[in-house]
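Contents: one structure, followed by commentary.
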Amino acid sequence: MSTPIRSSQSRTVALSDGASLNVLDDGTGPALLLVSGLGGTAHFWNPCVPALAAHYRVIRLDQRGIAKSTRGTAPCTIDQLAQDCLSVLDDCGVDQAIVVGHSTGGCIAQTMALLAPARVRACIFSATWGKPSRHRQELFSTRREMLFKDPVGYACSSVFMGHDANWLNQNWNVLENARTNAPVTTEAQHIISERLDALIAFDRSAEVHRITVPTLIVGARDDLIVPSFLQEELATLLSHADLHMFEQGGHFFPVTRTHLFIPLISGWLHTSLTRTPHA
């Protein structure tokens, strides 16, 4: 595992509904917003930040109700989470950012690009999808039931499903952390369940084609949570997008295959943004 990094700057972004978002800000250069998945934490991206912050201003957040961020009163929808991210950019003084969204974060990134296209310079959709599928419905409905009946099992199952076995065998501390931080309280379960409902309901299939900025779709063929066919379907909806599939890495390949993920997105950004000037 990568050693914990120290953020160059942290801030609290206050929202009109009473939520306060914990934001971490590292490095200098073009703004790069990292949006994590169902877990919603800024620290998901810790292994990626040192290399990215050498070339970009890397901004990440704990999403509402997660970690050091408070919940507020607004409905927890993908649209609202996208608006939260735009508020973070406002608070950071960023007019336009490259947005990297992983899993549910990819849904948020799509929504940002549709709601505020002038604010998004390029998109990287990592292990995500564009429309509902039976796989989404069945898996996450089952996980929602498990959340309330066996929250420790819910947390541990995410570890086994999300990481490829070889990597996990060298990083058992991830499982221990999941057990320690399992959502055993009613409040924690409510926050996760509403996030599950939001991702199950997500559907941008009729409009995602309106995203015209440079776009990269990344997946892993051994992903058990967001299978590779979902990234391939998204690439069909976004015909101009580039598609790259890792053979291994599981769902959390930005963590388990950081040494491959960072060169991929860095090289793609260099090529795409060089040939596509921005305003």
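No lab work stands behind these numbers, since they all come straight from the coordinates. On a predicted model such as this, the values are computed, not experimentally measured, just so you know. Note: ideal-geometry Cβ built from the backbone for every residue, glycine included; neighbour counts use all protein chains shown.
Taking the chain as a Gaussian network of alpha-carbon nodes connected by springs under 10 Å, the highest mean-square fluctuation of the residues 87, 16, 158 belongs to 16. Ordering 271, 258, 186 from the fewest to the most neighbouring beta carbons within 10 Å gives 186, 271, 258.
In this structure, the amide hydrogen of residue 224, modeled 1.01 Å from its nitrogen in the peptide plane, lies closer than 5 angstrom to those of 251, counting only residues at least 5 positions away or on a different chain.
Here the extension length gained between residue 90 and residue 149 equals 17.2 nm, from 0.36 nm per residue of separation less the Cα-Cα distance. In order along the stretch 138-144, phi translates into HN-Hα couplings of 5, 5, 7, 5, 5, 5, 5 Hz, rounded to whole numbers, per the Karplus curve 6.51 cos²θ - 1.76 cosθ + 1.60 with θ = phi - 60° and x for Gly and Pro. Taking amide H as placed 1.01 Å from N in the peptide plane, the amide H of residue 97 sits under 5 Å from that of 120, 121, each at least 5 places away or on another chain.
Ordered by the number of other Cβ atoms lying within 10 Å of each residue's own Cβ, fewest first, 36, 205 fall into the sequence 205, 36.
If you take the alpha carbon radius of gyration of the chain and divide it by 2.2 N^0.38 Å, what ratio comes out, to two decimals?
0.93
Ordered by the number of other Cβ atoms lying within 10 Å of each residue's own Cβ, fewest first, 120, 226, 152 fall into the sequence 152, 120, 226.
Taken one residue at a time, the phi angles of the stretch 11-20 give Karplus couplings (6.51, -1.76, 1.60, θ = phi - 60°) of 8, 10, 9, 8, 9, 5, 8, x, 6, 10 Hz. Gly and Pro are set to x. Put a dot 7 Å past the Cα of residue 141, heading toward its Cβ, do the same for residue 118, and the two dots end up 4.2 nm apart.
Based on C-alpha pairs under 8 angstrom that are at least 6 apart in sequence, the stretch 146-279 has a relative contact order of 25 percent.
Please identify, among 267, 130, 39, the residue showing maximal mean-square fluctuation in a Gaussian network model of the chain using a 10 angstrom Cα cutoff. Most flexible of the set in this elastic network: 267.
Report the extension gain between residue 12 and residue 266 in nm, rounded to one decimal, defined as 0.36 nm multiplied by the number of residues separating them, less their alpha carbon distance.
88.6 nm
Sequence-ordered 3J(HN,Hα) estimates for the stretch 107-115 from the Karplus curve with 6.51, -1.76 and 1.60 and θ = phi - 60° stand at 5, 5, 5, 4, 5, 4, 5, 7, 6 Hz, glycine and proline given as x.
Spin-label model, residue 273/residue 73: points 7 Å from Cα along the beta carbon direction are separated by 3.9 nm.
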